[in-house]
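First up is the structure itself, then whatever we jot down about it.
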Amino acid sequence: MSITKTLASATSAMVLSVAVFSIAVIPANPVMAGDHAQKAKADIVDTAVAAGTFNTLVAAVQAAGLEATLRSDGPFTVFAPSDDAFAKLPAGTVETLLKPENKDQLVSILTYHVLPGKVYSKSLAGKQIDAKTVQGTTVAVNGTDGVKVDNATVVAADIKTSNGVIHVIDSVLMP
């Protein structure tokens, strides 16, 4: 199956798997909250590594050559798919994207998950916006019933880092 068809299938599968959460009940990630709320000295990459639930994302960021960017001053807002979110993709999708010949596509997908600046969930409450991504296109953000980004749901919000903020999402976004 071609990568385009695989990604289209993944997008369709993600639409079916989205759950709705209220902003009032979106907690900071309990594993990360205490540790990183006290010391936001860790950058986005180090925070993701320390969480232990973003191994696929970190590997993809490294394969795409984006690690230095996400360690820079930023600031950035990252909608970070967890390992469970990547596991929802059709078998072989991640492996295919990590191949050197697919680097441009991987960069496009990953930068679609990043906004310039710091965007906290409270600034999204009650709003529907199209936010410009680092990738260059816009992502639909809906804060009227929880926070959704395209068809993904934010399951943990406002994880502060030294160079931005992370919001954990339950699905991988596809530009």
- Over 18 Å, how big is the tail of the calculated P(r) for region 54-122, in percent of all Cα pairs? 38
- Query: When we measure straight from the Cα of K127, which aspartates and glutamates land under 13 angstrom away, once same-chain ones fewer than 8 places off are left out?
  - Reply: D145
- Length-normalised contact order for region 111-154 - Cα pairs under 8 Å, 6+ apart - percent: 33
- Message: Just to confirm a number: summing +1 for Lys and Arg and -1 for Asp and Glu over residues other than I44 whose beta-carbon lies under 10 angstrom from that of I44, what do you get?
- Response: -2
- Item | Principal axis dimensions, largest first and in whole angstrom, of region 29-175 by Cα | 39, 32, 26
- Query: Each residue of region 100-115 in turn: what ³J(HN,Hα) in whole Hz from Karplus with 6.51, -1.76, 1.60 and θ = phi - 60°, glycine and Pro shown as x?
  - Reply: x, 5, 10, 4, 4, 5, 4, 4, 4, 5, 5, 6, 5, 8, 10, 10
- Item | Ranked by how many other beta carbons lie within 10 Å on average, peptides 62-75, 158-171, 90-103, 111-124 from highest | 158-171, 111-124, 62-75, 90-103
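Rule-based calculations on the coordinates, nothing more; no lab input. Since the model is a prediction, treat every value here as computed from it, not as a measurement. Positions of Cβ are backbone-derived with ideal geometry, glycine not excepted, and every protein chain shown enters the neighbour counts.
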